1. Please state the relative contact order of the chain as a whole percent: Cα pairs under 8 Å, 6+ residues apart?
2. With every protein chain present, what accessible area does residue 87 have (1.4 Å probe, heavy atoms only), rounded to the nearest 10 Å²?
3. Using the Cα atoms of segment 28-102 to build a convex hull, what is its mean projected area in square nanometres?
4. Using a 1.4 angstrom probe with every protein chain in place, what is the largest-first accessible-area order of 63, 24, 69, 91?
5. What value, in deg cm²/dmol to 500, does the helix sum -39500 (n - 2.57) over DSSP H runs of n ≥ 4 give at 222 nm once divided by the residues of the chain?
6. Give the total of Lys-Lys pairs in the chain with Cα-Cα distances below 18 Å; include a pair only if its members are 8 or more places apart or on different chains.
7. Just to verify a number: FRET efficiency for residue 87 and residue 58, C-beta to C-beta distance, R0 = 25 Å, to 0.05?
8. Ordered by residue, what ³J(HN,Hα) values in Hz, to whole numbers, does segment 12-22 give under the Karplus form 6.51 cos²θ - 1.76 cosθ + 1.60, where θ = phi - 60° and Gly and Pro are x?
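The values are calculated or read from the model by the stated rules, or taken from the named source; none is laboratory data. Just so we're clear, the structure is a prediction, and the values are computed from it rather than from any experiment. Methodologically, a virtual Cβ is constructed for each residue, glycine included, from the backbone with ideal geometry; neighbour enumeration extends over all protein chains shown. Just the protein is used for accessible areas: all its heavy atoms, side chains included, with ligands, DNA and RNA removed. Shrake-Rupley method; radii C 1.70, N 1.55, O 1.52, S 1.80 Å.
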Amino acid sequence: MIQTVGGKIIVMDGGTKDETNYLRGFLSGLGAEVEAWFVSHPHDDHIETLMNILKDPKDIKIRNIYHSRLTEDLMKLEGEKEYMVIKEFYRLLDGLKETKVV
């Protein structure tokens, strides 16, 4: 997580589902608004916290999510468990209305 000189919050990846409450509390303490959330790649240890926040944002607002989407063929190379996590992640991203996904 980075806080800019102007107070904007930037998150890179985010962590596993077990880290959700920690990151949520940290973000809430900084104003609960994320300007940019970057996902380097969609493995569970990088996206599960973001997925949990997207499912139940509570007070967290995310303005922009940046990510290069994997092709279906690349997703299938990840193995069945990762494939299912990535599919759910993309389903969540595709359903966002107030967050811009780039």
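1. Taking the mean separation of contacting Cα pairs over the length of the chain, I get 27 percent.
2. 90
3. If you wrap the Cα atoms of segment 28-102 in a convex hull and average its projections, you get 4.9 nm².
4. Ranked from most to least accessible, the order is 91, 69, 63, 24.
5. Counting only the DSSP helices, I get -12500 deg cm²/dmol.
6. Number of lysine pairs found: 13.
7. 0.55
8. 10, 6, x, x, 7, 4, 5, 9, 4, 5, 4
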